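First the structure, in the form of structure tokens, and then the observations on it.
Values quoted throughout were computed directly from the atomic coordinates according to the rules given, and no laboratory measurement underlies them. Predicted, not measured: the structure shown is a model, and the values here were computed from it. Glycine also receives a Cβ, built like all others from the backbone with ideal geometry; neighbour counts cover every protein chain displayed.
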């Protein structure tokens, strides 16, 4: 067996060079990851030099080391936030006990399932986005796409590290499963539904990174509270990177709106046909994309009333995001009241044990977080002199999981008939026509310092470089 | 602490009389000598202590009196054979005690039949007085039941009408399965507190023979002669003395010579560690007989049995037995083959029987059993049985480790394919593969061959084969997970999974009968303040919740 120089090849702060067990596991897994990346990763750019950020340590300097690299040679590393000595369990039934440095046998399967579900979304999004390079609006955006992709890859590594290091044989099998399932594969799909839809246009990509990656942020924040310390520390570090993905989404949508407003001002018209003819995306269509991506991301939080979430909270496996902001960390005897659904499909106030409401509590924090971007975009629109206001649809709108699944409601959350829903759906969600139109805008722009017509150029470059820097050197 | 080994000089409830090839056991229960305080053992009623002596007596006869072919069980009390298990003891005992009591008494009854079926001692119940409940269940476990026909002595199973419980020591099952009593007659018999006597008892097949008091001794003699003719392997002369066990009990565990144990009360795990035989045990049967209870197979059986009984009764919260071993694989294989090749020798036959019954006690223990095979292990031959009685086995896979480490290995012997049957009448291997004959034939070809983890796993003999690096963690996680589950659910799960395939009288007793009995034992109709078991003897009628469940 050839000895790898682990520190060099796989940047890490888990003492990989001295951990034989982990080495043996990774030696099996890494080649599979490489071939997965080649087959399922970004299509057509595997030999390009891409200006990427690589984490080489967890401190302020090390987490973002920049340089040009071919993606298959990217150094995916393994990092956990530094250990806090004497960390104690801070929520659930065992508050005050020391956190676990090893997986307790009792929670083995439930922890493994949490990690696998989280881990599965990471490579899934890389797969969903693999065609996007063909229609990138600029080299800057292309680079951002790849940055997101390699970091999702690193997040996969992070979850695989936990599986390898703490779950033995089962963990290794699950780690391979993460590469065997594929987004959209009929026979072997990704675990969560949303992650099986291909993302074929950049409007969807920006929406995904704004809304769906933000779900990821909230899941990671819950896991960052975990009493299983290695999981908590892994997720804490992942959050830094996740924040940048949402930044990609937010600035992408902002630039798209800016460009639309610019065109509207030049045309002095808010006629949708005129706007579309000018090659930019009308604000109404953007609202429909917001409706679509926001509502599908809501399902990822799970059911409003959930025994799994109660178990995970009570046992200290998964907390609320920013658990310390709450007053009561046991919530054993508290209740949660919300507007639920009666047997007659009408709204009714419902009270459930607080622990069973953890999914809903997390979802609400998420909704509040989503609103921040909308406020900024609405300011832009207002400043440009238009009275269109973007809104998030109700959390009851278009749900497939939870108590609202199968209930037809309009974006305001009012329950309506299926007929009414069907007749209005095209004004609420992207229609085939909208998608065709968006598709028509998607033209690859790879000239240095050029940006596609439907989106404004970025306001600044990466790592203080100029916007016109050659972020991706294409080689055919 | 309840212990199960007894000194013959200190028996309180039985006397033993040996004449030639007959041993007569007289039951004469000492009223004030209950094993726990709070009840009097009136009317030859028994508790666990009485049964422990019975078990010890029969075990000693098997080894120490190899000329004895027939054991006669009778009573020293006038007109009273036995009133069965003591009701006041049952009424005041906690559930776990009742269950353990029934399990041990069942095992003792079964051991009569096990001996009878394997060329060893036969049993005759000479019922010389009233014989009720558990008393009749002792008789039912014998090969023949002789009832004195004195117009008053009856046999009966009055549990249902008097106590609101079942005859829990196999009575119901043996009536219909062993003695072929018709089910409708059994229904009348089991609901009639007065019992049945004389001729009718014979007609209903409840007993085999009757005789008036004047002829009763003659009947016994006749039957002893007849029955002893069918005993095949009781032809020893010298016998093997069962010396006191060399046992050290401490807070950490219970240690013997061939069996050590560590009890981790915190984690609720007991490790049973077996030291395999040294090569001084590779001797002829005659030499082995001289070595007696120092010979490894017998020593091991005695020590393991004692340990299982002590753990089961005294360490109620220990939920998992891990079984490990150390020793030379060739030695254990060779010792096993000595047993296999000399099955017609009385001493070897008794030793195999002892091993068979002891391993059965493990199958019937309501504890999770994980057998763990590491570099030192010697789970071959007899000890391979511990792989197959386990709920799971973990075997260290060194195929990725340094080339210098070979093994560990396991091997099968002929003895794994016959002679060490479980209570379902099948070997553990046959049970493991639900008696799949082609599979068993394939495995026969591997007899005496060494199998490493990967081979053994591919042959479906091992559950999990973690590699050297995963080894410790894999086992820790499995154990922690196991002990986090509901003990009741695990008991139910294991009792079901351990016995696939056909039923026997014993599996019905340990499965169906015990499960129903344990349910009834937990129900208010039996054990509430107004329940039948609690109110027995007070004159007050029990109040039932009349819903049929």
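Between residue A:443 and residue A:197, the simple spin-label model (points 7 angstrom out along Cα→Cβ) gives 2.8 nm. Among A:297, B:399, sorting on how many other beta-carbon atoms sit within 10 Å of each Cβ, with the fewest leading, yields B:399, A:297. Look at the stretch B:469-481: the mean tally of other chain Cβ atoms within 10 Å of its residues' Cβ atoms is 6. Pairwise alpha-carbon distances in the range B:10-228 exceed 30 Å for 16% of all pairs. Here the convex hull built on the C-alpha positions of the range B:91-209 has a volume of 101 cubic angstrom per residue. The label-point distance for residue B:266 and residue B:232, in a model that sets each label 7 Å from Cα toward Cβ, rounds to 5.3 nm.
Projection of the Cα convex hull of chain A, averaged over all directions and equal to a quarter of that hull's surface, yields 23.9 nm². By the compact-protein rule of thumb, 2.2 N^0.38 Å, the alpha-carbon radius of gyration of chain B corresponds to a ratio of 0.99. Each label was represented as a point 7 Å from its Cα along the Cα-to-Cβ direction; for residue A:412 and residue B:251 these points are 7.3 nm apart. By the count of neighbouring beta-carbon atoms within 10 Å, fewest first, A:335, A:303, B:380 end up ordered A:335, A:303, B:380. The calculated FRET efficiency for residue B:282 paired with residue B:489, based on their beta-carbon distance and R0 = 56 Å, is about 0.80. Mind grabbing the base-10 log of I(q)/I(0) for the range B:249-491 at q = 0.12 Å⁻¹? Debye formula, identical points on the C-alpha positions, no solvent, two decimal places. These q points yield log10 I(q)/I(0) values of -0.66. With respect to chain B, whose longest principal axis is taken over its alpha-carbon atoms, helix B:296-314 is tilted by about 70°. Per residue of A:167-175, other chain Cβ atoms within 10 Å of the residue Cβ number 4 on average. Which residues in the range B:127-159 have a backbone N closer than 15 Å to a point placed 7 Å from the Cα of residue B:177 along the Cα-to-Cβ line? Under 15 Å, as judged by backbone N against the label point of residue B:177, lie B:140-142 of the range B:127-159.
If I stretch the segment between residue B:541 and residue B:194 completely, what's the gain in nm (0.36 nm per residue apart, minus their alpha carbon distance), one decimal?
Values: separation 347, 0.36 × 347 = 124.92 nm, distance 1.77 nm.
Fully extending the segment from residue B:541 to residue B:194 adds 123.1 nm.
For residue B:294 and residue A:101, a Förster radius of 60 Å and the Cβ-Cβ distance give a FRET efficiency of 0.80, rounded to the nearest 0.05.
If you wrap the range A:64-171 in the convex hull of its Cα atoms and look at it from every side, the mean projected area works out to 9.3 nm². No solvent, one uniform scatterer per C-alpha: report log10 I(q)/I(0) for the range A:10-109 via the Debye equation at q = 0.15 1/Å, two decimals. The Cα Debye sum returns log10 ratios of -0.87.
Could you calculate the FRET efficiency of residue A:85 with residue A:342 from 1/(1 + (r/R0)^6), where r is the beta carbon distance between them and R0 is 41 Å, rounded to 0.05? For residue A:85 and residue A:342, the calculated efficiency is 0.20.
Expected output is a single nm value to one decimal: the length gained when fully extending between residue B:440 and residue B:472, i.e. 0.36 nm times separation in residues minus the C-alpha distance. What is it? Before the final figure, lay out each step's value.
On the way: separation 32, 0.36 × 32 = 11.52 nm, distance 3.20 nm.
So the extension gain works out to 8.3 nm.
With respect to chain B, whose longest principal axis is taken over its alpha-carbon atoms, helix B:346-363 is tilted by about 90°.
Over chain B, what is the relative contact order in whole percent, taking alpha-carbon pairs under 8 Å and six or more residues apart? Don't jump to the answer; show the numbers that get you there.
Numbers: 1056 pairs, mean separation 67.1, N = 549.
Relative contact order, chain B: 12 percent.
Full extension of the chain between residue B:221 and residue B:244 gives 4.9 nm of extra length, using 0.36 nm per residue less the Cα-Cα distance. Could you work out how far helix B:329-341 tilts from the main Cα principal axis of chain B, as a 0 to 90 degree angle to the nearest 10? Approximately 40 degrees, to the nearest 10. The value of relative contact order for the range B:51-196, using C-alpha pairs under 8 Å at least six residues apart, is 23 percent. P(r) for the range B:1-112, from all Cα pairs and a bin width of 5 Å, is 2, 12, 22, 24, 21, 11, 5, 2, 0 %, short bins first. Evaluated over the Cα positions of the protein assembly as shown, the convex hull gives a direction-averaged projected area, one quarter of its surface, of 50.3 nm².
Here A:354, A:264 are placed in order of increasing Cβ neighbour count within 10 Å, fewest first, which gives A:354, A:264.
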